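Visitor: Quick one: the structure is below, and I'll ask about it shortly.
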Amino acid sequence: RATTMVVRIRMQRFGQTHRPFYRVVAADSRFPRDGRFIERLGTYDPLPDNSGRKKVSLNFDRCKYWLSVGAQPSDTVSRLLAYAGLLPMPPSRQSGTRVDAED
């Protein structure tokens, strides 16, 4: 019996309390968030450095490979990949916007 494995590109949280650090990994969707993974693809440090920049490092070749074989990126990772130019920019979520009904 063949089982299909749904691969997700997502982040694993590391670091201390109030000082997060993330690894971008390709993992089976059934694995826990900080558990087993298939391959490490990069890192993301959301805390700005002295110049106000957040650090992102990605292995572009491996990210392209996993996307080409059908891996689904999480919302946050898809935004990071869009900033890197690997994916189109996802639509922005605007909370509180309403569409007025026409008369």
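The values are calculated or read from the model by the stated rules, or taken from the named source; none is laboratory data. None of the values given here were measured: they were computed from a predicted structure. Every residue, glycine as well, gets a Cβ built from its backbone with ideal geometry; the counts of neighbours run over all protein chains shown. In case anyone asks, the SASA skips ligands and DNA or RNA and just uses the protein heavy atoms, side chains included. Shrake-Rupley method; radii C 1.70, N 1.55, O 1.52, S 1.80 Å.
Visitor: From the residues in segment 7-28 that are under 24 Å from VAL69 (Cβ atoms), under 13 Å from the mean Cα position of the chain (by Cα) and not hydrophobic (A, V, I, L, M, F, W, C), which one is most open to solvent (accessible area, probe 1.4 Å)?
Guide: Looking only at segment 7-28, we keep the residues that are under 24 Å from VAL69 (Cβ atoms), and these are 7-12, 22-28.
Now restrict to residues that are under 13 Å from the mean Cα position of the chain (by Cα): 7-12, 22-27.
Cutting the leftovers down to not hydrophobic (A, V, I, L, M, F, W, C) gives us 8, 10, 12, 22-23.
Working: ARG8: 79, ARG10: 39, GLN12: 3, TYR22: 53, ARG23: 63 Å².
Per the criteria, the residue is ARG8.
Visitor: Can you work out which of the residues in segment 58-89 that are of a type in the set (Val, Ile, Thr) and closer than 22 Å to PRO46 by Cα is nearest to the chain's Cα centre (by Cα)?
Guide: Going residue by residue through segment 58-89, those that are of a type in the set (Val, Ile, Thr) are 69, 76-77.
After this cut, where a residue has to be closer than 22 Å to PRO46 by Cα as well, the list is 76-77.
Numbers: THR76: 4, VAL77: 2 Å.
Ranking the candidates gives VAL77 first.
Visitor: So for segment 34-42 (the condition being farther than 16 Å from SER68 by Cα, within 15 Å of the chain's Cα centre (by Cα), modelled with pLDDT of 85 or more and not in a loop (DSSP other than H, G, I, E, B)), does at least one residue qualify?
Guide: Yes, segment 34-42 contains a residue that is farther than 16 Å from SER68 by Cα, within 15 Å of the chain's Cα centre (by Cα), modelled with pLDDT of 85 or more and not in a loop (DSSP other than H, G, I, E, B).
Visitor: Being assigned to a loop (DSSP other than H, G, I, E, B), of a type outside the set (A, V, I, L, M) and open to solvent by 60 Å² or more (accessible area, probe 1.4 Å) is the filter here, so list the residues in segment 50-69 that pass it. Show your work before the answer.
Guide: Residues of segment 50-69 assigned to a loop (DSSP other than H, G, I, E, B): 50-54, 59, 69.
Retained after the next criterion (residues that are of a type outside the set (A, V, I, L, M)): 50-54, 59.
Residues satisfying the conditions are ASN50, SER51, ARG53, LYS54, ASN59.
Visitor: Do we find that PRO46 is more than 14 Å from the chain's Cα centre (by Cα) and either over 17 Å from VAL77 (Cα atoms) or not aliphatic (A, V, I, L, M) (or both) in this structure? Talk me through it step by step, then tell me what you get.
Guide: On the way: more than 14 Å from the chain's Cα centre (by Cα): no; either over 17 Å from VAL77 (Cα atoms) or not aliphatic (A, V, I, L, M) (or both): yes.
No, not satisfied.
Visitor: Consider only pairs whose beta carbons are under 8 Å apart and that are at least six residues apart or on different chains; among these, list those whose first residue lies in segment 62-77 and is touching a residue at least 60 places away in the same chain (Cβ under 8 Å) and whose second residue is surrounded by 14 or more Cβ atoms within 10 Å (Cβ to Cβ) and assigned to a helix (DSSP H, G or I).
Guide: Every condition considered, the pairs that remain are PRO73/LEU67; PRO73/LEU81.
Visitor: For segment 44-88, give me the residue count where each residue is at positive phi and aromatic (Phe, Trp, Tyr).
Guide: So the first thing to find is which residues in segment 44-88 are at positive phi, and the list is 52, 70, 85.
Subsequent filtering for residues that are aromatic (Phe, Trp, Tyr) retains none.
Here the count works out to 0.
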